[in-house]
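A quick write-up on the structure given underneath.
The values are calculated or read from the model by the stated rules, or taken from the named source; none is laboratory data. Please read all numbers here as calculations on a predicted model, not as lab measurements. When we count neighbours, we look across all protein chains shown, and the Cβ atoms used for this are built from the backbone with ideal geometry, even at glycine. Please note that ligands, DNA and RNA were not included when accessible areas were found on the heavy atoms of the full protein model with its side chains. Shrake-Rupley method; radii C 1.70, N 1.55, O 1.52, S 1.80 Å.
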Amino acid sequence: MTASLSSVSVVFGREFRAYFATPLAAIFLVVFLALAGAMTFFVSGFFARGSADMAAFFTWMPWLFLVLLPAIGMRLWAEERRSGTIELLMTMPVAPWTIVLGKFLAGWAFTGVALALTTPLWITVNWLGSPDNGVIAAGYLGTFLMAGAFLAVAACISTLTKNQVIAFISAAIVTFILVTAGLELVLGAIRGWAPYWLTEAVAALSVLEHFQRITQGLIEAPTLIFFGSLIVLALMINTFLVDLKKAQ
Amino acid sequence: MTTLVEARGLKKRFGDTTAVDDVSLSVSRGEVVGFLGPNGAGKSTTMKMITGFLEPDSGTAQIGGHDVWRDPAAAKAKLGYLPEGAPAYGEMPVADFLSFVGKMRGLRKAQLNNRLAEMAERVRLTEVWSRPIEALSKGYRRRVGIAQALIHDPDVLILDEPTDGLDPNQKHEMRNLIREIAPNKSIIVSTHILEEVESVCSRAVIIASGKVVADATPRDLVGSKDDGRAIQIRISSPEEASVIEKIKPLVGGAELEVMERMNGSTRLLLRYNDKPEDTHAIKTRLKSADLPVEEVGIYRPRLEDVFRDVTTRIH
Ligand SMILES: Nc1ncnc2c1ncn2[C@@H]1O[C@H](COP(=O)(O)OP(=O)(O)OP(=O)(O)O)[C@@H](O)[C@H]1O
Ligand SMILES: [Mg+2]
């Protein structure tokens with residue numbers, strides 16, 4: 001067990017540093033902050049709302065992450081397969097799940113860095129008024145969990161191809177489905193013809209539903225279980241797919 | 001002698017093509033096996049199955065007594081592997097990359113540092129130690145791949161074309177390195193360079209179309225074709241065909257075969273059913289017939305001839 005944990009941390013260290021080895025990380029962070037800022041201030045009218053909270057910021061996160069997390073996840077496996085380094089990884093005396101987990105955690109930590117860089121907004125809100133900081137903290141927790149779920153899905157999909165662009169687009173599509181699954185627009189469209197259980201299953205997949213509850217300050221077990229199991233399930237499929245696809 | 005690598009009946013199909021067809025191989029400590037075969041013969045595929053990277057359709061592979069599929073961690077711990085093309089993380093400096101591999105292989109602190117220092121010196125990487133791998137020449141990149149495979153001082157070393165892309169000096173150094181470490185390990189090297197096999201390998205295994213077609217010491221392989229019953233003749237003439245027709249009646253019923261054409265001269269092989277004719281007699285006879293004969297001698301096959309012979313027979 002300690003050997004497994006240590007290989008998770010060795011993989012984590014390498015992967016996390018790899019994000020910063022190219023300008024990609026800086027570009028990503030800048031794009032994220034610029035988009036988050038633009039959405040919050042101009043589209044949602046942060047100041048015009050006149051209320052000291054971060055709802056204007058969190059509302060946009062699912063939509064931003066829908067594009068940004070596939071970008072973080074796309075290289076995780078596609079690049080290993082393209083360059084052949086997967087052959088090194090998979091002939092090391094460690095369990096494949098430790099590599100899957102190490103890579104995922106590195107991407108997640110990178111997302112954590114991006115989120116941490118938005119905290120000046122939190123400070124600003126406190127400076128302008130007296131927000132409910134518990135709600136904001138819950139919002140950050142929800143955002144981070146959602147990021148983990150999207151990243152796990154993107155990592156999983158990146159095992160299926162050697163092409164990062166294909167990995168990105170496919171992950172964005174799947175994530176889009178996850179986000180929109182709970183919208184009345186989508187549910188209404190399937191309710192007409194699909195059996196009841198399918199409509200319910202699609203509704204249950206709704207990231208948006210869970211995310212909205214947690215950003216209102218409601219940290220509930222179903223929400224934590226929803227995101228947690230999405231992550232665990234995606235990582236398990238990821239481990240399975242790596243094994244299946246590695247040599248092709 | 002301990003057997004460190006034991007592959008039995010390995011088979012692998014990709015769609016309709018059978019890449020590896022019932023390959024068995026066992027390698028003892030101290031042996032260096034040269035793995036030969038034409039392009040697409042199945043060398044890399046066989047190596048991938050022995051290392052546990054690729055699951056065979058049937059057959060088993062053991063490393064140091066551990067089955068690579070049933071007990072992968074124990075088997076892989078004893079293995080150093082250089083995949084074809086020496087893949088590495090291009091953005092990482094050499095030192096970081098080797099240190100990553102070392103840690104993944106369980107090395108820590110002082111032990112890791114010792115091994116890193118030894119690799120830097122032995123594989124001669126000191127000059128490029130802190131440079132990103134993607135900025136290195138092909139030869140250096142290949143050496144990083146070797147260092148990566150050796151970092152944990154494994155019992156078994158599987159190297160897929162380790163000298164591909166190296167200049168003659170580096171090839172020489174690589175062979176020295178392999179010879180140096182060989183006594184305590186089982187090594188399998190695939191290569192297209194036959195002289196390499198003769199100079200470093202204690203055994204040559206030749207595969208063609210996924211099957212083992214020869215497995216012996218390089219000397220025995222050559223010896224098996226050397227029955228003293230063949231004579232080789234070198235001629236140089238633009239009208240090769242007509243010269244050959246004229247030679248035929250003059251060599252005492254030998255079977256005639258074109259072996260090689262190079263720089264305008266042709267090497268012919270005369271096979272006899274038993275004792276060959278005297279080379280001097282043939283030479284005199286051909287000269288007096290005014291044929292452009294350069295050289296007549298008893299045929300001593302080279303590994304190259306054996307290779308061509310055993311790998312083309314199948315098709
Ligand atoms: N992933 C794969 N998918 C489909 N076919 C494959 C795959 N890998 C190898 N092959 C096929 O299997 C056969 C054996 O290939 P392999 O790479 O083992 O040959 P090799 O002996 O290493 O050749 P070379 O000397 O060119 O390196 C070839 O016909 C190759 O096209
Ligand atoms: Mg090959």
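Kindly express, to the nearest 10 degrees and within the range 0 to 90, the angle between helix A:119-128's C-alpha long axis and the longest C-alpha principal axis of chain A.
Taking Cα atoms only, the helix is inclined about 10 degrees.
By accessible area of protein heavy atoms, probe 1.4 Å, what ranking do A:Met39, B:Met119 get, highest first?
Values: A:Met39 50, B:Met119 5 Å².
Ranked list, largest accessible area first: A:Met39, B:Met119.
How much length is gained if the chain between B:Asp16 and B:Arg229 is pulled fully straight, taking 0.36 nm per residue apart and subtracting their Cα-Cα distance, in nm to one decimal? Please report the intermediate quantities before stating the final value.
Values: separation 213, 0.36 × 213 = 76.68 nm, distance 4.19 nm.
My answer for the length gained is 72.5 nm.
Which value, in Å² and to the nearest 10, is the accessible area of B:Phe14 when all protein chains are kept and the probe is 1.4 Å?
Near enough 90 Å² of accessible area.
I'd like to know how region A:2-245 sits against the 2.2 N^0.38 Å rule of thumb: what's its Cα Rg over that expected value?
Normalised Cα radius of gyration, region A:2-245: 1.06.
Enter the mean number of other protein chain beta carbons within 10 Å of the beta carbon of each residue in A:88-100, as an integer. All intermediate terms of the calculation are to be shown ahead of the outcome.
Details: counts 15, 4, 8, 14, 11, 13, 7, 2, 1, 0, 1, 1, 0.
For this peptide, the per-residue mean of nearby foreign Cβ atoms is 6.
With a 1.4 Å probe and every protein chain kept in, tell me what percent of the accessible surface of region A:10-100 is carbon plus sulfur. Write out the running numbers ahead of the final one.
Values: 2590 of 3500 Å².
Percent of accessible area from carbon and sulfur atoms in region A:10-100: 74.
Fully extended, how many nm does the chain gain between B:Arg131 and B:Ala73 (0.36 nm per residue separation, minus their Cα-Cα distance)? Before the final figure, lay out the partial values.
Values: separation 58, 0.36 × 58 = 20.88 nm, distance 3.14 nm.
Between B:Arg131 and B:Ala73, full extension yields 17.7 nm more.
Using only atoms on other chains, find how many Cβ atoms lie within 10 Å of each Cβ of peptide B:71-78 and report the average. Let's see the in-between values first.
Working: counts 0, 7, 6, 1, 2, 5, 3, 1.
The shielding value for this peptide is 3.
Within 10 Å of each Cβ in peptide B:43-54, how many partner chain Cβ atoms are there on average? Round it to a whole number, please. Don't skip to the answer; put the middle values down first.
Working: counts 0, 1, 1, 0, 0, 5, 1, 0, 3, 3, 8, 5.
Counting Cβ atoms of other protein chains within 10 Å of each residue's Cβ and averaging gives 2.
Applying 1/(1 + (r/R0)^6) with R0 = 45 Å to the Cβ-Cβ distance of B:Ser199 and A:Leu224, what FRET efficiency is obtained, to the nearest 0.05? List each step's numbers first, then the result.
Details: r = 64 Å, r/R0 = 1.43.
The formula returns an efficiency of 0.10 here.
Express the carbon and sulfur contribution to the solvent-accessible surface of chain B as a percent, rounded to the nearest whole number, probe 1.4 angstrom. The partial results should precede the final answer.
On the way: 6590 of 14420 Å².
Of the solvent-accessible surface of chain B, carbon and sulfur hold 46 percent.
Residue separation times 0.36 nm, minus the C-alpha to C-alpha distance between A:Ala204 and A:Ser6: what's the value?
Values: separation 198, 0.36 × 198 = 71.28 nm, distance 3.61 nm.
Length difference between fully extended and current span is 67.7 nm.
Pairing the Cα long axis of helix B:138-150 with the longest principal axis of chain B, what angle in degrees results, from 0 to 90 and rounded to the nearest 10?
Once rounded, the angle reads 60 degrees.
Would you mind counting up the charge near B:Asp155? Only other residues with Cβ under 10 Å from its Cβ, with Lys and Arg at +1 and Asp and Glu at -1.
Values: positive: B:Arg29, B:Lys78, B:Lys185; negative: B:Asp153.
Its environment carries a net charge of +2.
Starting from the 7 Å offset along Cα-to-Cβ, what nm value, one decimal, do you get for the label separation of A:Leu115 and B:Ser288?
That separation, rounded to one decimal, is 10.0 nm.
Report the accessible area of B:Tyr272, computed with a 1.4 Å probe over the heavy atoms of all protein chains in place, in Å² rounded to the nearest 10.
Accessible area of B:Tyr272: about 20 Å².
From zero outward in steps of 5 Å, how is the percent of C-alpha pairs of region B:230-299 spread across the bins?
Computed distribution, short to long bins: 3, 18, 34, 28, 13, 3, 0.
Need one number: nm distance between label points at A:Trp197 and A:Ile177, each 7 Å from Cα along Cα→Cβ, rounded to one decimal.
Result for the modelled spin labels: 1.9 nm.
Once you put a point 7 Å from the Cα of B:Asp57 and another 7 Å from the Cα of B:Arg308, both along the Cβ direction, what distance in nm separates them?
3.3
How much FRET efficiency would the formula 1/(1 + (r/R0)^6) give for B:Glu257 and B:Asp220, where r is the Cβ-Cβ distance and R0 is 25 Å, rounded to 0.05? It would help to have the intermediate numbers written out before the result.
Working: r = 23 Å, r/R0 = 0.92.
Step by step, r from the Cβ atoms, then E = 0.65.
To the nearest 10 square angstrom, how much accessible area does B:His172 have with a 1.4 angstrom probe?
100
Helix A:2-21 versus the longest principal axis of chain A: what is the Cα-based angle in degrees, 0 to 90, to the nearest 10?
70
Can you give the alpha-carbon Rg of chain B over 2.2 N^0.38 Å, where N counts its residues? Display every interim value, and only then the final one.
Working: Rg = 23.8 Å, N = 315, 2.2 N^0.38 = 19.6 Å.
Chain B yields a ratio of 1.21.
Can you work out the accessible area per residue across chain B, with the rest of the protein chains kept in place, probe 1.4 Å, in square angstrom? Walk me through the intermediate numbers first.
Numbers: 14420 Å² over 315 residues.
Accessible surface, normalised per residue, equals 46 Å².
Counting each pair of different Cα atoms once, what's the Kirkwood radius of region A:117-185 in Å, rounded to one decimal?
Details: mean 1/r = 0.0691 Å⁻¹.
It is 14.5 Å.
Roughly how large is the A-B contact in terms of buried accessible area, totalled over both chains, probe 1.4 Å, nearest 100 Å²?
2200
So if R0 is 30 Å, what FRET efficiency would B:Glu91 and B:Asn113 give, r being the distance between their Cβ atoms, rounded to the nearest 0.05?
Computed FRET efficiency for B:Glu91 and B:Asn113: 0.85.
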